[in-house]
Amino acid sequence: PTPVRNLAPPPPPSRPRARSPGPGPVVSLEDAIHRLTVAQHREELADVVMDFMRGYFGCGMFFLVRDGQARVWRGFAPGIQQAAIQTIAFPLSMPSCFRLAHDRRTSFRGLAPAEGGKLQRQIWKYLHCEEPSQVVVVPVQVKNRVLNLVYAHAADGGPLPDGPVTDLQALCAAVSSAYVRMIQKLKAGDLAT
């Protein structure tokens, strides 16, 4: 006898969970890099990074790094004002995804490390969000000195899309180049602080 074939249609292919877009208009990497090349002040650098991140991530923070401390310079998250986010500060000696990116001088992407749980949970609680399944922290450095850390997680707290993360890393490299250009102009007396 011939085998009985299942006439039911095959199940639809599984698709990754839809990601909520960020809370702002999408600024392309090319536009952001162009803005960095004409920026005259470091405030503009932070604005460019935030404008880019708002289109792709649900939460973003741009940290100043000074004297072993990280302090939010700019940031956004649903339901919390930027002024409140700017009160986030902590020593980089505390274990966290931030310390890993800072000390290794390279991007951290993944589940935030368990040993940094205390600090990370406090930050997420302050941001009114659940623990994300994946975060990214990208250092911005000149020579071997980390000047900034850039943090992001997805709007739904899920995995981060590869394209925007890669673009964020490229953007942070461009911020480093913009700092170098500004420092050179400052030394030459061509740029006001």
(request) Go through (1) at pLDDT below 95; (2) open to solvent by 70 Å² or more (accessible area, probe 1.4 Å); (3) not polar (S, T, N, Q) and name the single condition residue 67 misses. (result) (1)
(request) Pick out, from segment 79-173, the helices (runs of 4 or more DSSP H) lying fully within it that include 3 or more residues that are surrounded by fewer than 16 Cβ atoms within 10 Å (Cβ to Cβ). (result) 82-85, 117-126
(message) For segment 45-61, which positions are assigned to a helix (DSSP H, G or I) and among the hydrophobic types (A, V, I, L, M, F, W, C)?
(response) 45, 46, 48, 49, 50, 52, 53
(request) Could you tell me which numbered condition residue 73 fails, if it satisfies all but one of (1) in a strand (DSSP E or B); (2) touching a residue at least 40 places away in the same chain (Cβ under 8 Å); (3) open to solvent by less than 10 Å² (accessible area, probe 1.4 Å)? (result) (3)
(message) Pull out all pairs, ordered by first then second residue, where Cβ-Cβ is under 8 Å, the residues are six or more apart or on different chains, the first lies in segment 144-155 and is closer than 11 Å to residue 108 by Cα, and the second is open to solvent by 30 Å² or more (accessible area, probe 1.4 Å).
(response) 149/102; 152/56
(request) Identify, by number, the condition in (1) in contact with a helix residue (DSSP H, G or I) (Cβ under 8 Å, 6 or more places away or on another chain); (2) open to solvent by 10 Å² or more (accessible area, probe 1.4 Å); (3) modelled with pLDDT of 95 or more; (4) not small (Gly, Ala, Ser) that residue 42 doesn't meet. (result) (3)
(message) Considering only residues that are open to solvent by less than 10 Å² (accessible area, probe 1.4 Å) and farther than 17 Å from residue 97 by Cα, which ones fall in segment 45-64?
(response) 45, 46, 48, 49, 50, 52, 53, 55, 57, 58
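The values are calculated or read from the model by the stated rules, or taken from the named source; none is laboratory data. If you're wondering where the values come from, they're calculated on a predicted model, not measured in any experiment. Note that we place each Cβ from the backbone using ideal geometry, even for glycine, and neighbour counts take in every protein chain shown. Please note that ligands, DNA and RNA were not included when accessible areas were found on the heavy atoms of the full protein model with its side chains. Shrake-Rupley method; radii C 1.70, N 1.55, O 1.52, S 1.80 Å.
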